[in-house]
Amino acid sequence: MPVSSPGEGAVRRRQIVPLLARRRARPAPPCPSRPAQLRALLAVLDEAVAAQRPADAAVAACGEPGPVSGRAARDCGDVSSALLRLRARLRETRLTEPDLVRARAYAERLLSYAQWMVRQAADLAFTVHPDARTEAARLQLNGLGRPADELRRLREELGAREETP
(Lines give C-alpha, C1' and ligand atoms only; values in the text may rest on other atoms or scores of the structure.)
Protein backbone atom coordinates (compact mmCIF):
# COMPACT_ATOMS: atom_id res chain seq x y z
CA MET A 1 0.00 0.00 0.00
CA PRO A 2 1.53 3.34 -1.05
CA VAL A 3 2.17 5.92 1.63
CA SER A 4 1.30 9.53 0.77
CA SER A 5 2.91 12.60 2.20
CA PRO A 6 0.84 14.83 4.53
CA GLY A 7 0.54 17.67 1.99
CA GLU A 8 -0.44 15.49 -0.95
CA GLY A 9 -4.19 15.58 -0.16
CA ALA A 10 -4.21 19.38 -0.04
CA VAL A 11 -2.56 19.55 -3.47
CA ARG A 12 -5.21 17.27 -4.96
CA ARG A 13 -8.01 19.32 -3.41
CA ARG A 14 -6.60 22.51 -4.92
CA GLN A 15 -6.59 20.86 -8.33
CA ILE A 16 -10.09 19.40 -8.11
CA VAL A 17 -12.02 22.30 -6.53
CA PRO A 18 -11.60 24.67 -9.52
CA LEU A 19 -12.79 21.89 -11.83
CA LEU A 20 -15.95 21.40 -9.76
CA ALA A 21 -16.56 25.15 -9.61
CA ARG A 22 -16.35 25.39 -13.40
CA ARG A 23 -18.80 22.53 -13.75
CA ARG A 24 -21.46 24.25 -11.66
CA ALA A 25 -21.18 27.53 -13.54
CA ARG A 26 -23.35 26.39 -16.46
CA PRO A 27 -26.45 28.50 -16.89
CA ALA A 28 -29.85 26.85 -16.80
CA PRO A 29 -31.38 26.19 -20.21
CA PRO A 30 -34.05 28.68 -21.21
CA CYS A 31 -37.59 27.85 -20.18
CA PRO A 32 -39.73 26.58 -23.08
CA SER A 33 -42.77 28.61 -24.07
CA ARG A 34 -46.24 27.62 -22.90
CA PRO A 35 -47.24 26.19 -26.31
CA ALA A 36 -44.03 24.15 -26.39
CA GLN A 37 -44.67 22.86 -22.87
CA LEU A 38 -48.25 21.95 -23.80
CA ARG A 39 -47.11 20.13 -26.95
CA ALA A 40 -44.52 18.15 -24.98
CA LEU A 41 -47.09 17.15 -22.37
CA LEU A 42 -49.61 16.20 -25.06
CA ALA A 43 -47.04 14.03 -26.83
CA VAL A 44 -46.52 11.95 -23.69
CA LEU A 45 -50.25 11.83 -22.96
CA ASP A 46 -50.92 10.60 -26.50
CA GLU A 47 -48.60 7.67 -25.87
CA ALA A 48 -50.17 7.08 -22.45
CA VAL A 49 -53.66 6.91 -23.93
CA ALA A 50 -52.41 4.55 -26.63
CA ALA A 51 -50.79 2.35 -23.95
CA GLN A 52 -54.12 2.00 -22.16
CA ARG A 53 -55.58 -0.37 -24.76
CA PRO A 54 -52.96 -3.11 -24.19
CA ALA A 55 -53.04 -2.45 -20.42
CA ASP A 56 -56.82 -2.80 -20.37
CA ALA A 57 -56.58 -6.01 -22.41
CA ALA A 58 -53.89 -7.46 -20.12
CA VAL A 59 -55.98 -6.82 -17.00
CA ALA A 60 -59.07 -8.27 -18.67
CA ALA A 61 -57.11 -11.37 -19.78
CA CYS A 62 -56.14 -11.99 -16.16
CA GLY A 63 -59.83 -12.00 -15.22
CA GLU A 64 -61.04 -14.48 -17.83
CA PRO A 65 -62.56 -17.72 -16.51
CA GLY A 66 -60.39 -20.79 -16.59
CA PRO A 67 -56.61 -21.01 -16.49
CA VAL A 68 -54.76 -17.83 -17.41
CA SER A 69 -52.31 -18.18 -20.28
CA GLY A 70 -48.61 -17.43 -20.06
CA ARG A 71 -49.20 -14.85 -22.78
CA ALA A 72 -51.23 -12.81 -20.28
CA ALA A 73 -48.25 -12.77 -17.92
CA ARG A 74 -45.93 -11.54 -20.69
CA ASP A 75 -48.48 -8.90 -21.68
CA CYS A 76 -48.73 -7.70 -18.08
CA GLY A 77 -44.94 -7.42 -17.87
CA ASP A 78 -44.68 -5.56 -21.18
CA VAL A 79 -47.49 -3.17 -20.30
CA SER A 80 -46.11 -2.53 -16.83
CA SER A 81 -42.71 -1.64 -18.30
CA ALA A 82 -44.30 0.67 -20.86
CA LEU A 83 -46.30 2.46 -18.16
CA LEU A 84 -43.18 2.86 -16.04
CA ARG A 85 -41.31 4.44 -18.97
CA LEU A 86 -44.23 6.78 -19.64
CA ARG A 87 -44.28 7.88 -16.00
CA ALA A 88 -40.56 8.61 -16.22
CA ARG A 89 -41.07 10.62 -19.41
CA LEU A 90 -43.84 12.59 -17.71
CA ARG A 91 -41.52 13.45 -14.82
CA GLU A 92 -38.78 14.53 -17.24
CA THR A 93 -41.10 16.82 -19.19
CA ARG A 94 -39.98 20.33 -18.32
CA LEU A 95 -43.02 22.33 -17.26
CA THR A 96 -43.28 25.65 -15.46
CA GLU A 97 -46.91 26.63 -16.05
CA PRO A 98 -48.88 25.81 -12.87
CA ASP A 99 -51.90 24.33 -14.65
CA LEU A 100 -49.69 22.09 -16.78
CA VAL A 101 -47.71 20.98 -13.73
CA ARG A 102 -51.01 20.02 -12.04
CA ALA A 103 -52.15 18.17 -15.17
CA ARG A 104 -48.86 16.28 -15.29
CA ALA A 105 -49.17 15.28 -11.64
CA TYR A 106 -52.72 14.06 -12.23
CA ALA A 107 -51.68 12.11 -15.32
CA GLU A 108 -48.83 10.53 -13.37
CA ARG A 109 -51.23 9.42 -10.64
CA LEU A 110 -53.53 7.90 -13.26
CA LEU A 111 -50.62 6.05 -14.87
CA SER A 112 -49.49 4.87 -11.44
CA TYR A 113 -52.95 3.46 -10.86
CA ALA A 114 -52.88 1.67 -14.23
CA GLN A 115 -49.49 0.18 -13.43
CA TRP A 116 -50.69 -0.88 -9.98
CA MET A 117 -53.83 -2.43 -11.48
CA VAL A 118 -51.79 -4.45 -13.98
CA ARG A 119 -49.59 -5.69 -11.13
CA GLN A 120 -52.57 -6.63 -8.98
CA ALA A 121 -54.24 -8.44 -11.88
CA ALA A 122 -51.09 -10.47 -12.52
CA ASP A 123 -50.75 -11.24 -8.82
CA LEU A 124 -54.33 -12.51 -8.68
CA ALA A 125 -54.01 -14.51 -11.88
CA PHE A 126 -50.70 -16.14 -11.02
CA THR A 127 -50.96 -16.57 -7.27
CA VAL A 128 -48.87 -19.25 -5.62
CA HIS A 129 -51.60 -20.18 -3.14
CA PRO A 130 -54.94 -20.06 -4.98
CA ASP A 131 -58.10 -20.10 -2.91
CA ALA A 132 -61.79 -19.35 -3.46
CA ARG A 133 -61.53 -15.67 -2.43
CA THR A 134 -58.58 -15.00 -4.73
CA GLU A 135 -60.34 -16.71 -7.62
CA ALA A 136 -63.54 -14.73 -7.01
CA ALA A 137 -61.56 -11.46 -6.99
CA ARG A 138 -59.70 -12.46 -10.16
CA LEU A 139 -62.94 -13.21 -12.02
CA GLN A 140 -64.15 -9.67 -11.31
CA LEU A 141 -61.26 -8.13 -13.26
CA ASN A 142 -62.44 -6.63 -16.52
CA GLY A 143 -60.06 -3.76 -17.33
CA LEU A 144 -58.68 -0.49 -15.98
CA GLY A 145 -62.04 1.20 -15.46
CA ARG A 146 -62.74 4.84 -14.69
CA PRO A 147 -59.10 6.03 -14.25
CA ALA A 148 -58.44 5.11 -17.89
CA ASP A 149 -61.44 7.24 -18.90
CA GLU A 150 -60.09 10.09 -16.77
CA LEU A 151 -56.72 9.97 -18.54
CA ARG A 152 -58.42 10.13 -21.95
CA ARG A 153 -60.56 13.04 -20.73
CA LEU A 154 -57.49 14.89 -19.46
CA ARG A 155 -55.78 14.42 -22.82
CA GLU A 156 -58.85 15.72 -24.65
CA GLU A 157 -59.12 18.79 -22.38
CA LEU A 158 -55.46 19.68 -22.89
CA GLY A 159 -55.81 19.08 -26.65
CA ALA A 160 -58.72 21.52 -26.72
CA ARG A 161 -56.53 24.12 -24.98
CA GLU A 162 -53.89 23.73 -27.67
CA GLU A 163 -56.43 24.44 -30.41
CA THR A 164 -57.80 27.52 -28.62
CA PRO A 165 -55.65 30.63 -29.19
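The values are calculated or read from the model by the stated rules, or taken from the named source; none is laboratory data. Note that the structure is predicted; figures quoted are calculated from it, not measured. Cβ placement follows ideal geometry from the backbone for every residue including glycine, while neighbour counts extend to all protein chains displayed. For the accessible areas, the whole protein counts, side chains as well, though only heavy atoms, and no ligand, DNA or RNA atoms are used. Shrake-Rupley method; radii C 1.70, N 1.55, O 1.52, S 1.80 Å.
Just checking, which of ARG161, ARG102 is open to solvent by 40 Å² or more (accessible area, probe 1.4 Å), touching a helix residue (DSSP H, G or I) at 6+ places or on another chain (Cβ under 7 Å) and assigned to a helix (DSSP H, G or I)? Can you show your working first?
Numbers: ARG102 fails: touching a helix residue (DSSP H, G or I) at 6+ places or on another chain (Cβ under 7 Å).
Answer to the check: ARG161.
Filter the stretch 31-59 for residues that are among the hydrophobic types (A, V, I, L, M, F, W, C) and within 16 Å of TYR113 (Cβ to Cβ); which is surrounded by the fewest Cβ atoms within 10 Å (Cβ to Cβ)? So that I can check it myself, show each step before the final result.
First, the residues of the stretch 31-59 that are among the hydrophobic types (A, V, I, L, M, F, W, C): 31, 36, 38, 40-45, 48-51, 55, 57-59.
Add one more test, that the residue is within 16 Å of TYR113 (Cβ to Cβ), and what stays is 45, 48-49, 51, 55, 58-59.
Details: LEU45: 25, ALA48: 26, VAL49: 16, ALA51: 19, ALA55: 26, ALA58: 27, VAL59: 28.
Filtering first and then ranking leaves VAL49.
The C-beta contact set for the stretch 138-165 (first residue under 25 Å from PRO65 (Cβ atoms) and touching a residue at least 12 places away in the same chain (Cβ under 8 Å), second residue open to solvent by 90 Å² or more (accessible area, probe 1.4 Å) and of a type outside the set (S, T, N, Q), distance under 8 angstrom, 6+ apart or interchain) comprises LEU139/PRO65. A count restricted to the stretch 67-86 and to residues that are of a type in the set (A, V, I, L, M), surrounded by fewer than 16 Cβ atoms within 10 Å (Cβ to Cβ) and either under 24 Å from PRO130 (Cα atoms) or free of Cβ contacts under 8 Å to residues at least 24 places away in the same chain (or both) stands at 0. The residue of the stretch 116-156 that is farthest from ASP46 (Cα to Cα), among those that are open to solvent by 100 Å² or more (accessible area, probe 1.4 Å) and in a helix (DSSP H, G or I), is ARG133. Answer with yes or no whether PRO65 is in a loop (DSSP other than H, G, I, E, B) and either of a type outside the set (D, E, K, R) or at pLDDT below 95 (or both). Yes; evaluated as a whole, the condition is true for this residue.
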